[in-house]
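First comes the structure, then the notes that go with it.
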Amino acid sequence: MGFRPLHDRVVVKRIEAEQKSAGGIIIPDTAKEKPQQGEVVAVGPGARNEKGELVVLDVKAGDIVLFGKWSGTEVKIDGQDLLIMKESDILGVIENAAGAKKAA
């Protein structure tokens with residue numbers, strides 16, 4: 001990707017939701033909500049604290065994260081629809097039952 005986020009910004013690619021409901025009903029695109037899960041594509045170097053020290057981010061590329069419904073700014077980079085948000089907009093990292101991060 002030809003984009004590097006600055007400071008505590010994170011680039012996230014949304015993970016598309018299922019096309020069918022649990023009962024097998026196909027959900028049309030107009031009725032679907034935008035997914036609130038995504039894969040981290042790139043992260044910035046971190047933010048500076050009050051002392052001027054660099055505080056690195058807790059997320060890294062490849063993490064599957066959960067974020068708020070209205071979080072981030074939608075952009076199109078290299079033909080991909082992506083979100084750019086601050087790390088503080090991320091609610092958490094999704095892990096599997098064994099404690100390892102969920103593979104995408």
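The values are calculated or read from the model by the stated rules, or taken from the named source; none is laboratory data. Note that the structure is a prediction, hence the values are computed from the model and not measured. Ideal geometry is used to build each Cβ from the backbone, glycine not excepted, and the neighbour counts take in all protein chains shown.
Couple of notes before you dig in:
- Of 13, 51, 60, all but one fail to be loosely packed, with under 12 Cβ neighbours inside 10 Å, among the charged types (D, E, K, R) and modelled with pLDDT of 90 or more; the exception is 51.
- Residue satisfying all of: in the range 70-104; of a type in the set (Lys, Arg) and at pLDDT 90 or above; farthest from residue 40 (Cα to Cα) among these: 76
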